[in-house]
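Inspection log for the structure reproduced underneath, given as structure tokens.
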Amino acid sequence: RLRPVHLRASITVQNLDLALVRLYTPPDAPIAVDRGRLGATVTVLLDARAGLRLDADAQVADAVFVRPGSSDPVMTNPAGSLRLTDLAIGNGSFRLGRLEVSTRGAVFDRRVTPATRYDIDRMRASAEGLTWPVTSPARIVLESRVPGGGQLDIRGTVRMQPAPAADATIRLSGAELA
């Protein structure tokens, strides 16, 4: 007789070489990881009746992203983090308690010569309360410093049903517009 599955696991990775991701990147992908390091802790709870629950913390260091076939950076990320809290999948539903991403780095526009560099001094984005089927609007936040010392803050809600819609407050302060 098979008993219902109940598994609890915690996995920790330190200093994983992100260049290994290239082995799994399709050749027609618009962007690929060139190098970097990853540290992460993932906690998984799998229950035959309740489904899957997952929490994760990850840190990326010294990451460089390129277009496949090129060594010129499209984006650099000297330090970034991701936190995933209370992801639950089961019984035909999906729930994400919170997803938060923090980063700094640079994006390069290689459509012009010489390439234009856009520095991202600090950016933090989060989403809370994502569900499927949709039970309520998800809450979103984006905070970022902008070049010249300003601050961009976006806060609000997003929903995908019955029709995609967003209700957000956008605040730009301390930025030169000219």
How many angstrom lie between the Cα centre of the stretch 45-83 and the Cα centre of the stretch 145-169?
22 Å
Which value, in debye to the nearest 20, gives the size of the charge dipole of the stretch 55-151 about its Cα centre, when Lys and Arg are +1 and Asp and Glu are -1 at the Cβ?
240 debye
Stokes-Einstein D for the stretch 65-127 at 25 °C, 0.890 mPa s, Kirkwood Rh over Cα pairs, in µm²/s?
174 µm²/s
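What is the gain in length, in nm to one decimal, between D17 and D86 on full extension, counting 0.36 nm per residue of separation less the C-alpha to C-alpha distance?
So the extension gain works out to 22.1 nm.
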For the chain, calculate the relative contact order in percent as a whole number, restricting contacts to Cα pairs under 8 Å that are 6 or more residues apart.
12 percent
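Fully extended, how many nm does the chain gain between E128 and I154 (0.36 nm per residue separation, minus their Cα-Cα distance)?
Full-extension gain reported as 8.0 nm.
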Considering only V158, P114, Q59, whose Cα is most displaced toward the positive end of the charge dipole of the stretch 38-178, charges sitting on Cβ of Lys, Arg (+1) and Asp, Glu (-1)?
V158
At a Förster radius of 30 Å, what calculated FRET efficiency corresponds to the Cβ-Cβ distance of Y24 and E176, to the nearest 0.05?
0.10
Between beta-carbons, use under 14 Å as the cut-off and find the net charge around P133, counting Lys and Arg +1, Asp and Glu -1.
+2
Probe 1.4 Å, accessible area per residue of the chain, Å²
68 Å²
What is the sum of charges, Lys and Arg at +1 and Asp and Glu at -1, for the other residues whose Cβ falls under 10 Å from the Cβ of V44?
+1
Only Lys, Arg, Asp and Glu count, each charged at its Cβ (+1, +1, -1, -1), so figure out the dipole size of the chain about its Cα centre, rounded to 20 debye.
540 debye
Matching label for the computed Rg and Dmax of the Cα atoms in Å, out of (1) 28.9, 99; (2) 19.6, 73; (3) 26.3, 98, is (2)
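Got the relative contact order for the stretch 1-59 handy, in percent, Cα pairs under 8 Å and 6 or more residues apart? Working shown, then result.
Working: 92 pairs, mean separation 23.6, N = 59.
Contact order relative to length: 40 percent.
The values are calculated or read from the model by the stated rules, or taken from the named source; none is laboratory data. Note that the structure is a prediction, hence the values are computed from the model and not measured. No Cβ is skipped: glycine too gets one built from the backbone with ideal geometry, and neighbour counts run over all protein chains shown. With ligands, DNA and RNA removed, areas are computed over all heavy atoms of the protein, side chains included. Shrake-Rupley method; radii C 1.70, N 1.55, O 1.52, S 1.80 Å.
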